[in-house]
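Participant: Handing you this structure, nothing more for now.
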Amino acid sequence: MDLVKLYFRSPPAVIGLVLLILVLAMAASADILYPRDPLALAGRPLIWPFSNPRFLLGTDNSGRDIAAQIFHGARISLLIGGVATVISIMIGITVGAFAGYYGSWVDTALMRVTEAFQTLPNFLLLLVLVAVFGSTITTVTVAIGIVSWPASARLTRAEFLSLRNREFVQAGRTLGLKDIRLIFGEILPNALPPVIVYASVVMAIAILLESALAFLKLSDPNVASWGNLIGAGRDVLRVQWYVSAIPGIAILVTVLAVSLVGQGLNDALNPRLKSR
Amino acid sequence: MRVLTLAGRRLAASIPTLILILIGVFLLLQLAPGDTVDAMMAQMGGGDAATAKQLREFYGLDLSVWAQLGNYLWRLVRLDLGFSAIYGKPVATVIAERLPATILLMTASLSFAFFFGLILGVVAARGVNKWPDTLISTLGLLFYAMPTFWFGLMAIVVFSIYLQWLPAGGFEDITVSYTGLRRTLDIALHLVLPTLTLGLFYMAIYLRIMRGSMLEVLNLDFVRTARSKGMDETRVVVRHVLRNALLPMVTLIGLQAGTMLGGSVVVESVFSLPGLGRLAYESVIQRDLNTLLGIIFVSALLVITINFIVDLLYARLDPRITTGS
Amino acid sequence: MSPILVLDDVSVKLPAGGDRSHAMAHVSLSLAANEILCVVGESGSGKSMTANAIMRLLPGGVTIDGGRILFEGRDLCGLDEAQMRKVRGAGIAMIFQEPMTALNPLRSIGDQIGEMFELHSDLSAAEIKARTLALLEEVRIPDPALAFKAYPHELSGGQRQRAMIAMALALDPKVLIADEPTTALDVTTQAQILKLIRDLQRRKGTAVLFITHDFGVVAEIADRVAVMSKGEVVEAGETASVLGNPQHAYTRQLIAAVPPLKAPPPRALSEEPIMTIAHVSKTYRTGGFLGRGQRVTHAVKDVSLVLPRGATLGIVGESGSGKSTLARCLVRLIDPESGEIRLNGIDLASLSREEMRSATRDIQMVFQDPFASLNPRRKAGEAVAQGLIVHGMARPEALARAKELFGLVGLDPAATERYPHEFSGGQRQRIASASASALPARWRWSRRYWSPTSRSRRSTSPCRRRC
């Protein structure tokens, strides 16, 4: 297909895809390579990386294997990022589609709510949600999804506004199609590509939000999250800075991969922008 | 003044939003396990049920949720944010003490991000697909993908621990009490790393937007008109492209004001800055719900204020806004 | 008279991967002072590229790869950027098709015209202002002082184009290149702008290179004509001889496609009306809060019409005249405020949404832009079958019927499997018409059937069939 060919023409997009596959492979192989609980005591604490072949990336201040945490952390990051993105995009599309299609008071009401979510600093709302509902992996994921939908709602709404009076929609209406059919059957498929591309931004931010939450020790402490490890490493930052540095690089690589893939998709979908 | 009327109308329109936020968060906090009195009792090292009941009555926590909400909103109208049991002071006082650090950090980071985002975006767009563009875009991507708190930690390792150029945290040096210019300098020095930490992420976003919108505008018809007048490229960019290309970026600042304030929670924690964000974090840990609600209120006000300024700026840049078309 | 601008065997190369290698191939033209040369051709013929090549403002990747462009004896291709900038605006000026987008929306008209003097002269700010006002006067803008301070969006299309002309003529250039300057305007404004260009040209002795696709414009304004097709000049000569006695087949085809203003022979119309429109009105209210400062636009005001069975009724008007609003009222895309629309005795205006949905089988609409009226993500066949499915036909049956209809409008039935972007403009119009014909509508509203860009397609469009 054209899209695939266009995608592979851009080197950054290919690099992004390779990095993403790498992270996915880490997540997939975590149980095989590190079958033990990554949060269990594994050896002497604070072994420097590359000094002991048993712990390639060293151990943290509680004597846990950093490499094992990195591999298992890939799972957590991708899982939280992915699920939160799906939640956020679904809410965003629904709100945006109805607001954009119906306009008038429906639009006003829905946009007020969207505005409220946007006026409230999202990380603050995340703190409140976690404070109220606790910090299990499920609540954290849902909470991240809930705080990050407004932008995709606005995007969907804007697409709908420009599409709803287009002639093919009017043509559909003169043929007698029902509103729901027009919204989800006719307009949404046309409005979707930019929203899908935007999903990569949401996912990148979701991963960053989770790591920030974990760093503040407000995420689920019972899973091997990269943010948790950075938070733990903070106590020994002065000398054993590697404990914080290594998981940070993992986050950087993952977010970079997601963003590059998203940008590559965007460029492939809008070749016009790329060619100039 | 039409501009002011317009921005004023937007400001008035944000009042329902503000009320919506307050009601929403207030109700949300009712679901929290334990209330302020529980937190107080825990801090006092426990107490009997009778004391707890007395305290609840004192703070009006024995009323129904709706009555409490009504009380709260009515107090807000009189600008009373309530009392923080944890800090033993009115919430307004607690927040007022913490606000300057956050505002300073926000202003510094926003200016930094805006200024460098603008310049780098223009440079990248001018040499699109050449090495400066590649370099700037790559750096932008890296800063975007970096968790801010991690960048902060690494900056502490490099600049504070190894090079010892800059302080690792705090708002000012509390071991010596400076005054006047010396104090300003000291605070500025303390804010360099936090500003970079918070600002670089937004700079990365702004430069990407600026680059994209520059490229978009450079392709518009009126740029061709300008060139057909015999104008040189630098003039074309400065006089015709820049202002048009700025519009999306200015919009974005308004949209992201909230996100940036959220980001300051993490940055203030990394650098132990006595700001609003850190206060929010502490209130969550200590279950000081009154303070938390107060912070939400003040943050929302802050975001609305920033948006008001952004509206004024936008109207100043774009004549189509004020004449209405 | 010696020519002031000469294109000598000019070729312009397109970037690799396009549908052809050259936008212009061996084009030779000459333009003398005080003459108007029209370059005519359909979209994609390379006529606009000619303008860009002369100004050396070609899009990225497009280069001049042969020939000379002589302006006052100097080869423009050999000039460096700084020298070229002195020619642009002062020596050769240009006006564009769409004055709205050709003017910077964020800067005032006076500012943008004054920039010409700033760039090419040492006049003081006060002198520049005086000269600019004089220019605005010269192009007969109603209130020059007001227009000076206005922003582009505050002026009408015609006024904007006048401002563009004022800007282009600020420095009395030797050559004015006009790239379809009247295409985006209404017919009456178009005539005024043409007259203005001709008057100013006569008075100042400017040489004008006028690019257009419209032979009506050619007849009105041109001294000489050059016809372009696929990047080549196929025919050139005096206007009268080219229009009266075209030599090249392509020219003949273009001229033949201009519809004559002659009524078709009268035919007996049915006595019985299929549709009666009585006192239909639609007003738009914009802005304002609780009735204050509201602007009221009467889009359609008390319109009454009768359409006999089997007849065609043409409704003509400029943009903003309300004809589209009326059409949309008839199919209830817009709800009229008052009046009745009787189709077979049923008042469509009073039907509920649900009732209207089933009434759509009796009234269908064909839209202006065939591409916009087809969902880009739906196969062409599905688009045609959709109406049938909505009105109760089974899917396979509807798809089969769609294939049949494709054949009827002169398309390959296998093309039902393709997406709209894979068709040409004319083919899309056929699909749109197949889609509207799918339902056994007794009345069909066809709105501006043909696209404005290509004339030769009009006569072959299947619209007369069944409508």
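Values quoted throughout were computed directly from the atomic coordinates according to the rules given, and no laboratory measurement underlies them. What you are looking at is a predicted structure, and each value in this text was computed from that prediction instead of being measured. Every residue, glycine as well, gets a Cβ built from its backbone with ideal geometry; the counts of neighbours run over all protein chains shown.
Participant: Taking the number of other C-beta atoms within 10 Å as the exposure measure, put B:TRP66, B:TRP150 in order starting with the fewest.
Facilitator: So the residues, fewest neighbours to most, are B:TRP66, B:TRP150.
Participant: Using the Kirkwood radius over Cα pairs, work out the Stokes-Einstein diffusion coefficient for segment A:58-203 at 37 °C and 0.692 mPa s, in µm²/s as a whole number. Could the numbers behind the result be given before it?
Facilitator: Values: Rh = 17.1 Å.
Using the Kirkwood radius from Cα pairs, D works out to 192 µm²/s.
Participant: What do you get for the angle between helix B:242-270 and the principal long axis of chain B? Use alpha-carbon atoms, 0 to 90 degrees, nearest ten.
Facilitator: Around 30 degrees separate the two axes.
Participant: Can I ask one more? Once segment C:44-101 is represented by equal point scatterers at the alpha-carbon sites, with solvent omitted, what log10 I(q)/I(0) does the Debye formula produce at q = 0.13, 0.19, 0.23 Å⁻¹?
Facilitator: -0.36, -0.76, -1.08
Participant: Follow-up. Where does each of A:PHE215, B:PHE171 land when they are ranked from fewest to most other beta-carbon atoms within 10 angstrom? Walk me through the intermediate numbers first.
Facilitator: Numbers: A:PHE215 31, B:PHE171 21.
By the 10 Å Cβ count, ascending, the order reads B:PHE171, A:PHE215.
Participant: What is the diffusion coefficient of segment C:3-256 in µm²/s, taking the Kirkwood radius over Cα pairs and the Stokes-Einstein relation at 37 °C with a viscosity of 0.692 mPa s?
Facilitator: 175 µm²/s
Participant: What does the structure give for B:212-220 when I average, per residue, the other chain Cβ atoms found within 10 Å of the residue Cβ?
Facilitator: Across B:212-220, the average partner-chain Cβ count within 10 Å equals 2.
Participant: Determine the calculated [θ] at 222 nm for chain A from helices alone, applying -39500 (n - 2.57) to every DSSP H run no shorter than 4 residues and normalising by the residue count; nearest 500 deg cm²/dmol.
Facilitator: Value at 222 nm, helices only, nearest 500: -24000 deg cm²/dmol.
Participant: Need one number: nm distance between label points at C:HIS421 and C:GLU118, each 7 Å from Cα along Cα→Cβ, rounded to one decimal.
Facilitator: Using points 7 Å along Cα→Cβ, the separation is 4.0 nm.
Participant: Can you give the net charge of the other residues whose Cβ lies under 13 Å from the Cβ of B:LEU189, counting K and R as +1 and D and E as -1?
Facilitator: -1
Participant: A further question follows. Could you please tell me the mean projected area of the C-alpha convex hull for segment A:1-102, averaged over all directions and given in square nanometres to one decimal?
Facilitator: Projected over every direction and averaged, the Cα hull of segment A:1-102 covers 10.5 nm².
Participant: Out of the DSSP beta bridges found with both residues in segment C:3-256, what percent are antiparallel (nearest 5)?
Facilitator: Working: 22 of 41 bridges.
Counting DSSP beta bridges with both partners in segment C:3-256, the antiparallel share is about 55 percent.
Participant: Also, I was wondering about something else. Please give the per residue volume of the convex hull enclosing the alpha carbon atoms of the protein assembly as shown, rounded to a whole number of Å³.
Facilitator: Looking at the protein assembly as shown, the number lands at 228 Å³ per residue.
Participant: Moving to a separate point now. Compute the FRET efficiency between A:VAL86 and C:SER2 as 1/(1 + (r/R0)^6), taking r as their Cβ-Cβ distance and R0 = 60 Å, and round to the nearest 0.05.
Facilitator: The computed FRET efficiency comes out at 0.25.
Participant: Out of the DSSP beta bridges found with both residues in the protein assembly as shown, what percent are antiparallel (nearest 5)?
Facilitator: If I count the DSSP bridges inside the protein assembly as shown, around 65 percent turn out antiparallel.
Participant: What does the average come to when, for each residue of peptide B:257-264, you count the partner chain Cβ atoms lying within 10 Å of its Cβ?
Facilitator: 6
Participant: Output the 0 to 90 degree angle, nearest 10, between the alpha-carbon long axis of helix B:49-59 and the longest principal axis computed from the alpha carbons of chain B.
Facilitator: So the helix axis and the longest Cα principal axis differ by about 50 degrees.
Participant: Still on this model: Within 10 Å of each residue's Cβ, count the other Cβ atoms and sort B:THR234, B:THR175, C:THR276 from fewest upward.
Facilitator: In increasing order of surrounding Cβ atoms, one gets B:THR175, B:THR234, C:THR276.
Participant: Remind me, relative contact order of chain A in percent, using alpha carbon pairs under 8 angstrom and six or more residues apart? Kindly include the intermediate steps, with their values, before the conclusion.
Facilitator: Working: 402 pairs, mean separation 71.8, N = 276.
Relative contact order of chain A: 26 percent.
Participant: Here's another thing I want to ask about it. Hey, what number do you get for chain B at 222 nm if only DSSP H runs of n ≥ 4 count, each worth -39500 (n - 2.57), divided across all residues, to the nearest 500?
Facilitator: Rounded to the nearest 500, it is -25500 deg cm²/dmol.
Participant: Counting only helical runs of four or more DSSP H residues, what would the 222 nm mean residue ellipticity of chain C come to if each run contributes -39,500 (n - 2.57) and the total is spread over all its residues?
Facilitator: On the way: 16 runs with 156 residues, N = 467.
So the calculated ellipticity at 222 nm is -9500 deg cm²/dmol.
Participant: For chain C, take the longest principal axis of its alpha carbons; what is the angle in degrees between that and the long axis of helix C:380-390, to the nearest 10 within 0 to 90?
Facilitator: Approximately 30 degrees, to the nearest 10.
Participant: Across peptide B:20-29, how many C-beta atoms of other chains are within 10 Å of each residue C-beta, on average?
Facilitator: Numbers: counts 7, 7, 2, 1, 6, 7, 0, 0, 6, 3.
Per residue, the average neighbour count from other chains is 4.
Participant: Okay, moving on. When every alpha-carbon pair in segment B:1-147 is counted, what percent end up more than 25 Å apart? Working shown, then result.
Facilitator: Numbers: 6270 of 10731 pairs.
The answer is 58 percent, as a whole percent.
Participant: Can you give me the Rg/Rh ratio for chain C, using Cα atoms for both radii and the Kirkwood formula for Rh?
Facilitator: So for chain C, dividing Rg by the Kirkwood Rh gives 1.02.
Participant: Would you mind counting up the charge near B:ILE174? Only other residues with Cβ under 12 Å from its Cβ, with Lys and Arg at +1 and Asp and Glu at -1.
Facilitator: On the way: positive: B:ARG183; negative: B:GLU172, B:ASP173, B:ASP186.
Here the count lands on -2.
Participant: Still on this structure, please answer the following. How much of the DSSP bridge set in chain C is antiparallel, in percent, rounded to the nearest 5?
Facilitator: 65 percent
Participant: For B:ALA124, what charge total do you get from the other residues with a beta carbon under 11 Å from its beta carbon, if Lys and Arg give +1 and Asp and Glu give -1? It would help to have the intermediate numbers written out before the result.
Facilitator: Details: positive: B:ARG126, B:LYS130, B:ARG208, B:ARG211; negative: B:ASP133.
Result for the local shell: +3.
Participant: May I pose another question? Going by Cα centres, segment C:115-190 and segment A:211-268 are how many Å apart?
Facilitator: About 58 Å separates the Cα centre of segment C:115-190 from the one of segment A:211-268.
Participant: Another question, then. One-quarter of the Cα convex hull surface for chain B, in nm²?
Facilitator: Taking a quarter of the hull surface, the average projection is 22.3 nm².
Participant: Then there is this: Would you calculate the volume per residue, in Å³, of the smallest convex hull containing every Cα atom of segment C:267-351? If you can, show how the numbers build up before the last one.
Facilitator: On the way: hull volume 8.6 nm³, N = 85.
Enclosed volume per residue, from the Cα hull, is 101 Å³.
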